[in-house]
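The values are calculated or read from the model by the stated rules, or taken from the named source; none is laboratory data. Just so you know, these numbers come straight off a predicted model, no measurement behind them. Note: ideal-geometry Cβ built from the backbone for every residue, glycine included; neighbour counts use all protein chains shown. Only protein heavy atoms, including side chains, enter the accessible area calculation; ligands, DNA and RNA are left aside. Shrake-Rupley method; radii C 1.70, N 1.55, O 1.52, S 1.80 Å.
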Amino acid sequence: MKKRILSILCSMSVLCTAAIISSTNVNAAEEKIVDGSALTMEESSTGYSAPSVARGEYLMTGDCTISKAGLTRVYAYASTTANKEVNYIATIVYVEEYIEEEDAWGQVDWWMEKTNNDYFLSTAKTVKVERGHYYRVRANHLAGDQYPYDETASFTDGILLP
C-alpha cells in the first residue's frame, strides 16, 4: 500500500513538473521583443542603463519605470545619478506606444528635466493614453561639468493597458 501511494505521488509530481516546464516554454516562445523591449502583461516595468564602464567620468546610473495608473493612464518615472556633484545633470523621458502595423514604437509624450550643481535628478509624470496598446518608457541620461556631457540611455519593457 505504501509503495502504491509513493508511486502515485511521484507520478503526480512528474506530471506537474512537465506541465510547468511546457507552459514556461510556451510563454517564452510567445514573448515578442521590439527594439529591445518585450511586450508583457506585467503591471509595471523598470529599465536600467548599461554598465558604468560605458558611461564616462561623471555619470553613474540611469533608470526608468512605467506602471499602470488607471484605465487610461500610465505613470512614467526616470532618474539620473552622477558619481559626484556636477555642473549639469539632465533626464529626457519618452513615453512610447507600440504600433503593431509598423512593428515599432511611436512617441506619445516626452519631457526634459535638468538641474545644476547636483548629483541626482528624478522626474515623474502621469500620461493619458488609450486602452488596448502596449506602452514603454525610454530615457536619456546626461551628466557632466562641461559639454560634451557623459550620456547613457535606459528603457523598460512594454506593458499592456487592456
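Between N116 and E100, the modelled labels are 4.9 nm apart [label points 7 Å from Cα along Cα→Cβ].
With a cut-off of 13 Å between beta carbons, the residues surrounding T126 carry a summed charge of +3, where Lys and Arg count +1 and Asp and Glu -1.
The amide H of E42, built 1.01 Å from its N in the peptide plane, has L160 as neighbours under 5 Å, considering only residues 5 or more places off or on other chains.
How charged is the neighbourhood of T156? Take every other residue with its Cβ under 14 Å from the Cβ of T156, and add Lys/Arg as +1 and Asp/Glu as -1. The partial results should precede the final answer.
Values: positive: K68, R136, R138; negative: D35, E42, E43, D63, E96, E97, D157.
With Lys, Arg at +1 and Asp, Glu at -1, the neighbours total -4.
Measuring only protein heavy atoms, the 1.4 Å probe finds T65 accessible over about 30 Å².
Sorted by accessible area (1.4 Å probe), largest first, how do T46, T115, T91 line up? List each step's numbers first, then the result.
Details: T46 65, T115 40, T91 0 Å².
Accessible-area ranking of T46, T115, T91, largest first: T46, T115, T91.
Taking the protein heavy atoms of the stretch 63-162 in the context of the full set of protein chains, the accessible area attributed to carbon and sulfur is 44 percent at 1.4 Å. Proximity of backbone amide H atoms, modeled 1.01 Å from N, is registered between N87 and N117, G144, D145 at under 5 Å, excluding neighbours fewer than 5 places apart on the same chain.
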